[in-house]
Amino acid sequence: MYASREDIGYGFGDDSKAGSRPIKPNPNVDGGWAWMIVLSSFLVHILIMGSQMALGILNMEWLEEFNQSRGLTAWVSSLSMGITLIVGPFIGLFISTCGCRRTAVVGGVLNALGWILSAHASGVRYLFLTFGVTAGVGSGMVYLPAVVMVGQYFQKRRALAQGLSTTGTGFGAFLMTALLKYLCTEFGWRNAMFIQGAVSLNLCVCGALMRPLSPRDVASEKYVGRSNSEDNRAKALSQSAETVKPNGVLSEGLEKKEEATNEEGLDSVQRVETGGKSRSGGSMYGLRVLKTVSQLTVTVRRGFAVWYSSYFGAASLFTNRVFVAFIIWALFAYSSFVIPFIHLPEIVKQYDLSSENNVFPLTSIIAIVHIFGKVILGIISDLPCISTWNVFLTANFTLVTCILTLPLMQTYVSLAVACALIGFSSGYFSLMPVVTEDLVGTKHLANAYGIIICANGISALLGPPFAGWIYDITQKYDFSFYICGLLYAVGITFLLIQPCIQKKQPREKSTEEAQV
């Protein structure tokens, strides 16, 4: 659903320095195996984001099975969605230490385990741990490597590659909704979750396809990117590389010093191992264990340095008032997109529209139109005469209007039109990296985008339970959409007010200077 952190200048792993002379481009960069990476990321979006958008089917089954309040039951879906995004910065530590492939494979196993254990749930609180936390963390461990690897393998066609891979969210929501509905009807929700867990094991295959680029390949990619790039962002990155790397790594001098210290430690272990060849086998085994532990410690320390400097060196961002307003907007925005996916199936049941919805589910309409919305809004915002900020705000206004008017729609046709507009306007997700870059600049883009993703995760975590809690009080979903829509409108208001304040301040300053 989101663009990669690599796409916005963030990299996990060790970067090799390109030499002064040209390096032959690697055929797997912008071609070859790179398209297998796109396929892998596309399938990850289908299996993870698509499955999460289809959880409204299971939410109805859980309500009937456990007979709990809607607010409490909605926590199961929201935990899975929210944790997938919130754990992103922390999953970065695993990627920096173990690499994308291993992280994704482990995440695939954890996600499948969460689905399978949930099939034996005895209550809603059991699902909190198995599906919400276990499957949610597993989803985050696969989702982030999927978007990072696309950025690593593409230089010239990065935007195209990211666009193709993220369309898996829309396709997945459509396919998984139909699949889960069929499985629940034929086999019951418990067997459906067990089967879905088996299907989720394909995430391990997707992770295995994430073959890392060698240091020479990364250096080649960086050199080709610098020689062919003509935009200001590449120039800014190359200028800042003297002191701080684009991915937030510490300065080269400190890194070299750390590497020298680590190499001295490993050399000492190797000398001890060489001198002790005549010793017993037990001593040699102990030395090998010590060497392995030393190497692991070096890798963990280096990965932690990358992770820490990337995410905790961004305190200056909060002095930007517009960026703070953007965070407030993000805390309310994503829930307005998630809530219809969770609660629409039950709304359809209350309006006695199940027969029409079975032919073509409303959530599938949102998913399909969402694909076209991301593409069309991206094309419109690229036009020279169109402001990306204005397209972004217009899409937000359209989405909040649909959320506020959705309770007034009580026929299938009117609900279908509203859902189509929700799907199209929510295509503004593809514009979020661009808008973030306009707010904070290229230098702080990676950290800022990570913060926005976490804010969206919090929104997805709290939105559906809040809507269910409002229903438990009022026995209507109307007020749930009204209140969430109004909070969303407040977030949009912050986006409108802060730019006006910042534009006004320079004019006031210039007036004072003129008086002096």
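The values are calculated or read from the model by the stated rules, or taken from the named source; none is laboratory data. None of the values given here were measured: they were computed from a predicted structure. Positions of Cβ are generated from backbone atoms using ideal geometry, with glycine treated the same way; all protein chains shown enter the neighbour counts. Remember, those area values only see protein heavy atoms, side chains included, never the ligands or the DNA or RNA. Shrake-Rupley method; radii C 1.70, N 1.55, O 1.52, S 1.80 Å.
For the reader, a short list of remarks on this structure follows.
- This model, with +1 at the C-beta of Lys and Arg and -1 at the C-beta of Asp and Glu, gives region 333-490 a dipole about its Cα centre of some 140 debye.
- The solvent-accessible area of E186, taken with every protein chain present and a 1.4 Å probe, is close to 110 Å².
- Of the listed residues K291, K156, the order by accessible area with a 1.4 Å probe, largest first, is K156, K291.
- Residue among I403, V324, V369 farthest towards the positive dipole end of region 315-507, charges placed on Cβ: V324
- Rounded if a/c under 1.5, otherwise prolate or oblate - region 89-135, Cα gyration tensor axes: oblate
- Most tightly packed first, judged by the mean number of other beta-carbon atoms within 10 Å of their residues, the peptides 461-472, 379-390 read 461-472, 379-390.
- The packing ranking, built from the mean of other Cβ atoms within 10 Å per residue, places the peptides 348-360, 70-82 in the order 70-82, 348-360, highest first.
- Rolling a 1.4 Å probe over the heavy atoms of the protein chains gives region 315-507 an accessible area of 41 Å² per residue.
- Overall form of region 24-141 per C-alpha gyration tensor (a/c, 1.5; a/b vs b/c): prolate
- Portion, in percent, of the accessible area of region 315-507 that falls on carbon or sulfur, probe 1.4 Å: 70
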